[in-house]
1. Quick test of your reading of the structure: residue 152 fulfils all but one of (1) out of contact with any strand residue (DSSP E or B) (no Cβ under 6 Å at 6 or more places or on another chain); (2) closer than 21 Å to residue 89 by Cα; (3) in contact (Cβ under 8 Å) with a residue 12 or more places away in the chain; (4) not charged (D, E, K, R). Name the failing condition by number.
2. Evaluate segment 65-87: report whether one residue or more is modelled with pLDDT of 95 or more, of a type in the set (A, V, I, L, M) and touching a Gly at 6+ places or on another chain (Cβ under 9 Å).
3. Looking only at segment 131-164, which residues are buried (at least 17 other Cβ atoms within 10 Å of the Cβ), part of a helix (DSSP H, G or I) and within 25 Å of the chain's Cα centre (by Cα)?
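The values are calculated or read from the model by the stated rules, or taken from the named source; none is laboratory data. These numbers come from a predicted model, not from an experiment. Here the Cβ is made from the backbone with ideal geometry for all residues, glycine too, and neighbour counts use every protein chain on show.
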Amino acid sequence: MRTMRGWRRWLIGGLACLCAVSMAAAGSRPLAVFAAASLKESLDGVEHAWEAAGHPKFVVSYAASSALARQIEQGAPADVFISADNRWMDYLQERKLIEPASRFALVRNALVLVAPARSSLQSLDLARKSDVLAALGDGRLAVAETTSVPAGVYAKQAMLKLGWWDAVAAHLAQGENVRATLEFVARGDTPLGIVYVTDARVEPRVKVLAAFAANTHEPIVYPAARTAQAMDAKLAAELLAFLRGKQAQAIFRDAGFADGR
């Protein structure tokens, strides 16, 4: 029969083994990237190129930048974060949850007004509010959530600048991220929607009616950075360097993104 001291040693030893197994399991997981939903196709392509170059596979969680930033704040195991705006990267930096020295502007994007591909509309003059309202009719305008999701924040800025926010604010269909917004239009649930040009390019069920001028909203910049809790800081740094490299940047350009600089 074990003495109390023996039981204590056995318990401590068992806990140590469990911790070692847990740490080994954590250390063996793929690098985790949290990225804005609008990056999906291009970043999937970058992952294939990275793996083909002999690097270990990384996994990506796609969602609205706001949702991902809050998940990281709550302790989600992310090694790299790519936001669709500076606001949510700043949010994490202020809380010391990213490594500021690793941060850089990865790519840029643009906003467009889209309609279902089967729509009779071919184009719209965004400066003519009456034309936009006529095209909207009794329907709703699909946008990403306008207070926290970057695509929605940019869309609201553009509508305010063009003078038609007050007329459409009560007639919005707000998606949890830009891809949900795109789906509203693709299914024909809404006659119009505002998404990134890169989203419109990957969805054959929508067509672009107009592009928003760059001066109607803040620059659409996607910052990338290593998180402060990165499991493998060296590998995360290598991935960030790869994202900045010619091969990855060519993939982003092919998807419709502009250079981040």
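1. So residue 152 meets the others, but not (1).
2. no
3. Once the filter is applied, which keeps residues that are buried (at least 17 other Cβ atoms within 10 Å of the Cβ), part of a helix (DSSP H, G or I) and within 25 Å of the chain's Cα centre (by Cα), segment 131-164 yields 150, 151, 152, 153, 154, 155, 156, 157, 158, 159.
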